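Please treat every number below as a calculation from the coordinates, not as lab data. From a predicted model like this one, the values you see are computed outputs, not experimental measurements. No Cβ is skipped: glycine too gets one built from the backbone with ideal geometry, and neighbour counts run over all protein chains shown.
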Amino acid sequence: MKARFLIPLVVFLSLVGLFMVGLKLDPREVPSPLIDKPAPSFSLPDLHDESKTVSTEDFKKHKVSLFNVWASWCVACRQEHPLLVELSRQDVVPIYGLNYKDKRSDALNWLNRLGNPYTASAFDEKGRVGIDWGVYGVPETFVVDGKGIIRYKQIGPITEEAWQETILPLIEKIRAEEG
Amino acid sequence: MRGLILSILLSLMIWPALSPAGINAYVFDTPEHEQRFKKLAAELRCLVCQNQNLADSDADLAKDLKDEIYQMIQDGKSDTEIIDFMVARYGDFVLYRPPVKPVTYMLWVGPFVLFVLGLVVLVMFVRRRNQDVLESGELSSEERQRLEGLLREQRERGTSGKRKGK
């Protein structure tokens, strides 16, 4: 008989638990179906030099690389930019850029002003490669291994926390795998 | 004068209907293609604004994806091919009607499970209440006294009523 009075309490507490989990979930983070799949192939002109191309082949030159989708019109890109610049200064991991739906002159200005952390930036003026990569919110960052497989996708700016807890350990793991 | 004002007002009223025609003017070969385009744009979610479909959304990406659908229809791709193209890039989330598979079982079956659970609880509740009444079929002495009092009252009222009736 006593137990019956506990039922509303149990229901209430489980609701609170559900809500607490719900608060932590970010509905903007849509899981990418591309994880652990080969990177969608592309070949685009280099942002700095139209006669050169940047392509999926470039990922195969390194054990692991980052592929960062950015644009000069993107406010959150500015937020993560200092971290990328720092990573490239310390030569932690090669970073390729996908300059997404941008104007070439704006993009070049932006890099001149804030620093250029990219090994190379592909110039995706129409955003067609962006669609193939399932890009929907710039900035996005993919971790691509030496076999050209996408291992992780960060949606939104790379935070210090995401870098330390997820991305850096993954990079080290991939390096260890590939020996 | 009045006629002039009226005509100005009337032309203002139809203004919105006239102006935006040029914005998403996709030109289709057949009405059937147009129908398919509308259906697909209504069933696919805009990733940027999440609670809108592509047809309603004005986001940049939604426009690009609509262009993509248009192009694929023009190229003679089937609806399934177009939907597979979207799902391969953006995942099941682009679909307003999620497919039935292990991750979405809860989503599809959940409401029915809750309904059945509610029904079971309701039946149990009603049964128990009926049983409570049946089990304590015996009246307490207090209740019996009250019952007799009520019956007596009614009998007296009944007889007095009859008399009055005569």
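Data table
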read-out: Alpha carbon centroid spacing (whole Å) that separates region A:84-131 from region A:1-78; value: 19
read-out: For region B:23-99, Kirkwood radius (reciprocal of mean inverse C-alpha pair distance, Å); value: 12.4
read-out: Average silhouette area of the protein assembly as shown, convex hull of alpha-carbon atoms, in square nanometres; value: 41.0
read-out: Cβ-based exposure ranking for A:ARG28, B:ARG2, in which fewest neighbours within 10 Å come first; value: B:ARG2, A:ARG28
read-out: Sparse-neighbourhood loop sites, GluC sites (Glu not before Pro) in region A:5-94 - DSSP loop, at most 11 other Cβ within 10 angstrom; value: A:GLU50
read-out: All-pairs alpha carbon distance profile, region A:1-138, 5 Å steps from 0, percent; value: 2, 9, 15, 18, 16, 11, 5, 4, 4, 4, 4, 3, 3, 2, 1, 0, 0
read-out: Unsatisfied cross-links (Cα-Cα over 32 Å) in the set A:LYS153/B:LYS101; A:LYS63/B:LYS66; A:LYS52/B:LYS39; A:LYS60/B:LYS39; A:LYS63/B:LYS77; value: A:LYS63/B:LYS66; A:LYS52/B:LYS39; A:LYS60/B:LYS39; A:LYS63/B:LYS77
read-out: Total formal charge among the other residues, if their Cβ is under 13 angstrom from that of A:GLU80, Lys/Arg +1 and Asp/Glu -1; value: -3
read-out: Angle between chain A longest axis and helix A:168-178 axis [Cα atoms, degrees, rounded to 10]; value: 70
read-out: Neighbour-count order for B:CYS49, A:CYS77, fewest beta carbons within 10 angstrom listed first; value: B:CYS49, A:CYS77
read-out: Degrees between helix A:2-24 axis and first principal axis of chain A (Cα, 0 to 90, nearest 10); value: 10
read-out: Chain A: angle of helix A:75-89 to the longest principal axis, Cα-based, in degrees nearest 10; value: 70
